[in-house]
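The values are calculated or read from the model by the stated rules, or taken from the named source; none is laboratory data. What you see is a predicted model, and the numbers here were worked out from it, not measured in a lab. All Cβ positions, even for glycine, are placed from backbone atoms using ideal geometry, and neighbour counts span all protein chains on display. Surface accessibility is based on the protein's heavy atoms, side chains included, excluding ligands, DNA and RNA. Shrake-Rupley method; radii C 1.70, N 1.55, O 1.52, S 1.80 Å.
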Amino acid sequence: MLEFIKKFLRRKQIQKYQSTVPTGFMPVKAVHSAVAFVDAMDPYCDRCKDALMAFYRENGIKGEIFFFDFRKIGKEERLITSIQTTVLKKDLNWFGRPSHEKINIMLGSEPDLFISLIDGTDFPLEFMAKCSQAKFKVGRVQLPGNTFDLIVADPQDRKLTQKESFDVMKSYLAKIG
């Protein structure tokens, strides 16, 4: 019964916050701002962050990087990502929606491009992707309702790191336009 209520509330929240901005392919030269979502628990997270920042600089894009970090952080541990752009487990409500603060930070950047380097379909990512006003959305795994305009899936024979996946995305993005 609880699972049914959780799914119902998730569906209602997406209906309430879902963007109505039409999306589609967009050349990188037309992108002025971007937001990317990275799994902070990935061991190559820093390499991925550096690659994203270099991409933003090279293309004159005002970019933000959000991190999903859902691990249990002890009192002795320190967060290595910005608290402002890191979505922690404590930032999620009981059915998985990120806090209004995190949502507003993402929406406030008014991105043209939304990039998900997270290899999954968890509700927090689905919610952020669907409520984003970005005109072009790129991801690794398609979310319900065909949220992403471009999917860069892992090859069948191996799992890519987030950085490797982003390298492939960059090559496709360079060909658009």
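Of all residues in the stretch 149-159, exactly one satisfies the criterion of being more than 16 Å from the chain's Cα centre (by Cα) and touching a residue at least 40 places away in the same chain (Cβ under 8 Å), namely Lys159. Is it fair to say Glu64 is without any contact (Cβ under 8 Å) to a residue 24 or more places away in the chain and either closer than 22 Å to Ser99 by Cβ or open to solvent by 30 Å² or more (accessible area, probe 1.4 Å) (or both)? No, not satisfied. Right, Lys29: outside any strand (DSSP E or B), among the charged types (D, E, K, R) and in contact (Cβ under 8 Å) with a residue 24 or more places away in the chain or not? Answer is yes for this residue. Take Ile105 and decide whether it is assigned to a helix (DSSP H, G or I) and at pLDDT below 95. Answer is yes for this residue.
Go through Ser116, Ser132, Ser165, Ser82 for me and flag whichever is surrounded by 15 or more Cβ atoms within 10 Å (Cβ to Cβ), among the small types (Gly, Ala, Ser) and over 29 Å from Phe8 (Cβ atoms). Only one candidate passes the filter, namely Ser165. Within the stretch 141-177, the residues that satisfy the criterion of being outside any loop (DSSP other than H, G, I, E, B), charged (D, E, K, R) and more than 19 Å from Val31 (Cα to Cα) are Lys163, Glu164. If the condition is being at pLDDT 95 or above, open to solvent by 20 Å² or more (accessible area, probe 1.4 Å) and aliphatic (A, V, I, L, M), then the stretch 29-61 contributes Ala30, Met53, Ala54. Of the residues making up the stretch 146-161, those that are under 23 Å from Ala134 (Cβ atoms) and open to solvent by 60 Å² or more (accessible area, probe 1.4 Å) number 3.
For the stretch 85-100, taking the residues that are of a type outside the set (Phe, Trp, Tyr) and in contact (Cβ under 8 Å) with a residue 24 or more places away in the chain, the one that is surrounded by the most Cβ atoms within 10 Å (Cβ to Cβ) is identified as Val87.
If you go through the stretch 74-102, how many residues are modelled with pLDDT under 90 and closer than 13 Å to Glu64 by Cβ?
Quick first cut of the stretch 74-102, residues modelled with pLDDT under 90 only: 74-84.
Right, trim to closer than 13 Å to Glu64 by Cβ and you get 81-82, 84.
Result for the stretch 74-102: 3.
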